[in-house]
1. For B:VAL240, what accessible area in Å² do you get when you roll a 1.4 Å probe over the heavy atoms of the protein chains, rounding to the nearest 10?
2. Straight-line reach from A:LYS232: which aspartates and glutamates fall under 20 Å, measuring Cα to Cα and dropping same-chain residues less than 8 apart?
3. Accessible surface of B:GLU161 in the full protein assembly, 1.4 angstrom probe, to the nearest 10 Å²?
4. Using a Gaussian network model of chain B with C-alpha springs under 10 Å, which one of B:ILE21, B:ILE254, B:ILE293 is most mobile by mean-square fluctuation?
5. Show which lysines lie in cross-link reach of A:LYS118 when reach means a straight Cα distance below 24 angstrom and same-chain residues fewer than eight apart are skipped.
6. With every protein chain in place, what's the accessible area of B:TRP12 (1.4 Å probe, Å², nearest 10)?
7. Add +1 for every Lys or Arg and -1 for every Asp or Glu among the other residues with Cβ under 13 Å from the Cβ of A:ARG64, and state the total.
8. Can I get the semi-axes of the stretch A:268-381's equivalent ellipsoid? Compute them from the C-alpha gyration tensor as square roots of 5 times the eigenvalues, in angstrom, largest first.
Amino acid sequence: MQEPFRAGASREAEGGREIAVTVRNVGMDFDGIHAVKNASFDLPKGRFLTILGPSGSGKTTLLRMIAGFQTPSSGEIFINGEAVSAVPPHKRSIGMVFQRLALFPHMTAAENVAFPLKMRRRDARTIPERVERYLALVRLGGYGGRRIHELSGGQQQRVAIARALVFEPDLLLLDEPLAALDRKLREEMQLEFRRIQRELGVTTINVTHDQREALVVSDDIVVMDQGEIQQKARPIHTYRQPRNAFVANFIGVTNFIAGTVRSVSEGGDVSILRGALTLAGKIGDPVNPPAEGGKASGAIRAEQIRLAGDAAQLSKLDCVLAGTVIDTIFEGERMVYEVACAAIGDEVIRVFDHDPAAHKQFDIGESVFLGWNARDMLVFR
Amino acid sequence: MRAARTAYPLKWRIMDALEGIAAAIWPARFRRATPYLMLLPAVLLVGLLVLGLIQIADASLRTLDTTTFQFSDDYSIANFRRALTEPLFLVVAQRSLVAALIVTAVTLVFAFPYAYLMVRTRSPRLRKFLLIALFLPFFIGQVVRAYGWLIILGNQGMVNEALGLIGVAPMRLIYNYPAVLFGLVQYMLPFAVLMLAPALTAIPEELEAAAGSLGANWVRTFIHVVLPLARPGFIGAGVVVLTLSLTDFAVPAILGGGSQDFIANAIYDQFFRTSDQGLGATLALMLVALGSILVGLVFALFGAGTLAMGRSRA
């Protein structure tokens with residue numbers, strides 16, 4: 001027997017915690033199309049990682065490779081330090097909650113939860129007690145005898161979670177299981193996932209296209225686009241310090257103003273020129289900073305812009321633009337204004353007003369002023 | 001002009017005209033009767049069959065006077081007594097029943113992997129090939145196919161010639177029970193595959209992936225997930241194959257060569273050889289009864305499967 005190859009990084013840092021999953025230079029080709037390109041990251045034990053990206057970004061392919069349903073075209077995946085490319089799914093210690101849940105319709109809730117224990121030939125006498133314990137964990141105590149179709153959507157979610165966790169897998173994978181739920185239930189289940197994950201401390205990888213879900217549930221977020229990892233960071237850093245224009249645009253509502261770089265300072269200050277307008281900002285991506293004379297765009301989030309009827313109210317802000325309201329969108333907790341600004345060729349800037357009751361309401365066609373601080377504008381090349 | 005044509009294509013205009021004609025013939029206030037009107041052909045067909053059965057029941061109660069070749073005017077159960085006591089008929093009935101059960105079991109075993117591969121394969125080419133191979137026998141017809149087997153399996157047939165090449169003496173491969181069973185399985189296979197395929201299509205592939213991730217290898221996935229969920233397909237296919245085999249005529253007649261008669265062959269003999277329509281009618285009734293009991297038994301034990309149209313108890 002050959003000694004299984006151990007990943008050198010298995011005990012490496014990120015807070016000195018043991019690494020549960022290592023994805024190293026993993027690629028996946030389908031008929032010459034690169035679904036996943038050279039993906040690498042480490043996931044320490046007990047953490048909740050979300051792979052976030054639009055459809056077709058390769059996030060599900062990456063998850064399916066970790067689960068063992070697909071074999072990487074290149075690179076290697078390590079679980080607890082062992083290379084797993086040659087290990088079939090049923091020999092990996094992975095619990096998975098599927099997109100359409102994949103509960104067995106011919107079994108009861110309890111039989112579904114008992115299934116992985118039976119398949120792993122656990123002692124039959126301990127199974128009922130354990131099944132009941134995990135049903136209780138997902139708050140379904142007493143529902144074991146129900147058939148799957150007798151349960152509501154949320155209850156089915158809970159059965160799927162219990163089934164994926166009952167055999168104490170090393171890793172829990174969530175393949176967008178919440179995508180089909182209505183918003184209220186989805187938000188409830190997001191918190192439920194987080195609660196259960198913290199209670200058991202199981203290492204978890206979640207896949208979603210829902211930025212809110214990623215921000216709410218995760219310890220870390222990996223943002224993917226076109227098969228490539230764009231950024232791996234904690235939710236707050238992903239949101240506040242996006243590494244490139246894609247991440248800035250995909251998460252939150254961001255306005256981009258394109259221009260030419262006039263100057264770049266040592267301290268990270270950048271100024272860009274757009275027509276007669278000079279915009280001050282900060283370097284967004286230190287690895288790939290904008291170059292003097294090159295093209296770049298300044299990114300400013302809709303909630304970081306202030307809106308006022310006259311310029312004097314915005315005098316403390318670094319950048320002030322005049323514009324005209326062309327549309328107002330009422331979203332309940334906030335009002336979204338679309339403002340066309342003459343200084344940037346009537347491009348539309350979106351602005352959030354979080355307190356519609358206290359502020360003056362602006363109407364379509366009204367002249368307004370927009371203002372923001374230079375430190376809130378990130379400049380990407 | 002061109003834009004207008006694509007916006008309202010000729011097909012729609014024709015449909016409008018047809019709807020206009022239909023509305024003139026069958027005004028909207030008759031609409032509630034429409035479903036019944038559409039059922040009418042089917043009701044007529046089944047009704048005629050019932051009338052025929054009544055006539056057969058009448059004939060079955062009249063005995064043939066072998067001296068005058070006249071049927072008795074009064075009813076008696078003599079034909080039923082004969083059918084139940086004469087060893088020949090019992091042998092025929094037993095032979096048909098056992099064959100139907102064996103053929104059903106073997107056909108389902110063979111049909112399942114075929115249907116599974118056809119449904120699950122990722123290659124559209126293979127799926128097309130399997131579908132064509134499945135439908136080809138339908139174009140050939142049962143009699144011609146049975147005759148083909150006579151040529152292939154006969155004393156001077158291809159199989160015996162091939163056996164001769166490796167030094168095996170010619171064997172009698174036709175005109176016996178196994179030959180009939182073989183011919184029936186071969187005939188029933190496409191029916192079973194066609195009944196199983198939709199049931200397998202209805203099983204989400206994700207369930208098999210889930211079973212894998214939960215620790216089941218393919219054998220246990222098959223036993224615990226695929227087989228139980230394919231049950232409706234098995235029941236539907238089983239009932240069809242069972243009834244078709246039980247009542248088959250051509251395969252036992254041709255591949256059995258007269259020595260392996262099934263119930264249908266015995267009925268044929270009574271009607272067209274000995275001209276005892278009374279006894280023929282009796283045997284026909286008993287075949288209907290046997291078939292009904294078998295199907296009823298299957299439904300009672302396992303539910304109606306795909307034939308329940310998704311309204312099963314499960």
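1. 40 Å²
2. Of all the aspartates and glutamates, those that pass the test against A:LYS232 - Cα under 20 Å, at least 8 places apart if same chain - are A:GLU12, A:GLU14, A:GLU18, A:ASP42, A:GLU76, A:ASP175, A:GLU176, A:ASP210, A:GLU213, A:ASP219, A:ASP220, A:ASP285.
3. Accessible area of B:GLU161: about 120 Å².
4. B:ILE21
5. A:LYS91
6. Rounded to the nearest 10, the figure is 130 Å².
7. Net of charged neighbours comes to -2.
8. Semi-axes from the Cα gyration tensor: 27, 15, 13 Å.
The values are calculated or read from the model by the stated rules, or taken from the named source; none is laboratory data. All figures in this text were calculated on a predicted structure; none of them were measured in a lab. Note: ideal-geometry Cβ built from the backbone for every residue, glycine included; neighbour counts use all protein chains shown. For the accessible areas, the whole protein counts, side chains as well, though only heavy atoms, and no ligand, DNA or RNA atoms are used. Shrake-Rupley method; radii C 1.70, N 1.55, O 1.52, S 1.80 Å.
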